[in-house]
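Since the structure comes first, as structure tokens, the remarks are kept for the end.
What follows is calculated from the coordinates using simple rules that are stated; it is not laboratory data. As the structure is a prediction and not an experimental result, all values here were calculated from the model. Reconstructed Cβ throughout: ideal geometry from the backbone, glycine too, with neighbour counts over all protein chains shown.
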Amino acid sequence: MATKFKSLLQKLKTTFRSGSSRDTQGAEYLEQIAAKEQKLIPFQTLAQATNNFHPNHKLGEGGFGPVYKGKLKDGRVIAVKKLSHHSKQGRREFMSEAKLLGGVQHRNVVALLGYCVHGSEKLLVYEYVSNESLDKLLFKSSRRGELDWKRRYDIIAGIARGLQYLHVDSHNLIIHRDIKASNILLDDNWVPKIADFGMARLFPDDQTYVNTRVAGTNGYMAPEYLMQGRLSAKVDVFSFGVLVLELISGQRNSSFGTYFQAENLIDWAYKLYKKGRSLEIMDPTLASSAVPDQVAMCIQIGLLCTQGDPKLRPTMPRVVLLLSKRPGTLEEPTRPRILGPRHTKSHTKTAFSSDVGTSGVSYSSALTTNTVSATEIDSRASSVSRGHDTRGKRPVEG
Ligand SMILES: Nc1ncnc2c1ncn2[C@@H]1O[C@H](COP(=O)(O)OP(=O)(O)OP(=O)(O)O)[C@@H](O)[C@H]1O
Ligand SMILES: [Mg+2]
């Protein structure tokens, strides 16, 4: 069956190489195949499931458009993401990427049930994950207590396994590019599921992704991606590290105050770690449930993952391995704000050149809001588009 499908796709590829009427025919053919596999969902079905995308069904809205809760006739509860954000990617590419992402199946990754193209609209249909996103729990003091240490540890380990799957075990390397608390959903057993994977594939030409976050509202972006547009799996490792430190501290990296005499959460954690007091970053609500050795190990893993030089960060399989062992001796993380000279050199002409010192780059200053002009954003955008594959297919050596 799989071979048959492959040969059909091959035929389609040949068809698509020429004229536009053939292209339309080909697209229709592809739609038929996809529909057969029940991944292509008719728009009408989604409109019915969400009561015509009624505001009461809206779960939230992120950078790519609103998300609605819905129910299919067969009883399945779904989350429909209406992609309002336009990409140059055509209908055909969108469908083939969505199809590929539909094949992604892992306990710690939200299942993409199907997709829909309706006129200029593109929609993605996911399984509905009942316990909301991690940010809604972790950063609301009234609910944070529901996350005891065991739950948080299991969440950390689950996200690590999900990322390992996306990076290594799935058939295609999928760099998420947007690991953050709102993209981690929890099911009714608190099993974490990574949402919004594959946006780098669906929006390969999307520079807005970097631009909208360049002013620092995000706090999860690796310095080499933020400043040079270098996308590799290590970008996800960095964001994962930030998330680990957020889970332990209950603090958002992006809105970290100066109260702790540190530039950001990572810097604060590192300073305390160097003084042998890393456990002080721990969320006080964890006091009764925490296993100190495990917490200390996770802090160290978080710091290893957020090192400035991507080469020094562990891979996700290594993180999974470390988490599966009893706390033991780990290597020393390097100071998080300092990047190696290679980065400094290539960075001197970019938007954040004022942050470049002789010994390294302070990316925490680059993460300060309202410091970037439109021209600077443009120059960032072109540096991203020129040199790097943002589709997550060809990793830049990291
Ligand atoms: N599959 C799902 N099941 C349940 N809730 C979901 C699902 N997908 C998204 N949501 C909810 O919808 C909200 C909006 O999601 P969306 O991905 O648009 O925003 P975001 O994650 O904050 O930003 P971004 O666009 O950067 O991913 C999320 O915070 C989450 O609570
Ligand atoms: Mg999201």
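Quick notes on this structure:
- Here the 3J(HN,Hα) profile of the stretch 162-171, calculated from phi with Karplus coefficients 6.51, -1.76 and 1.60 at θ = phi - 60°, is x, 5, 4, 4, 4, 7, 10, 8, 6, 5 Hz, Gly and Pro shown as x.
- Sequence-ordered 3J(HN,Hα) estimates for the stretch 279-290 from the Karplus curve with 6.51, -1.76 and 1.60 and θ = phi - 60° stand at 5, 5, 7, 5, 4, x, 5, 8, 3, 7, 10, 5 Hz, glycine and proline given as x.
- The packing ranking, built from the mean of other Cβ atoms within 10 Å per residue, places the peptides 106-116, 146-156, 271-281, 301-311 in the order 301-311, 106-116, 146-156, 271-281, highest first.
- 3J(HN,Hα) along the stretch 128-133: 7, 10, 6, 9, 6, 8 Hz, from the Karplus curve 6.51 cos²θ - 1.76 cosθ + 1.60 with θ = phi - 60°, whole Hz, x for Gly and Pro.
- Which listed pairs, of K193/K325; K71/K150; K71/K99; K82/K180; K99/K140; K81/K136, have C-alpha distances above 25 Å, in listed order: K71/K150; K99/K140
- Its Cα centre serving as origin, the stretch 100-161 has a Cβ charge dipole (Lys and Arg +1, Asp and Glu -1) of approximately 260 debye.
- Under-5 Å amide H pairs with Y115, H placed in peptide plane, nonlocal only: L40, I41, V125
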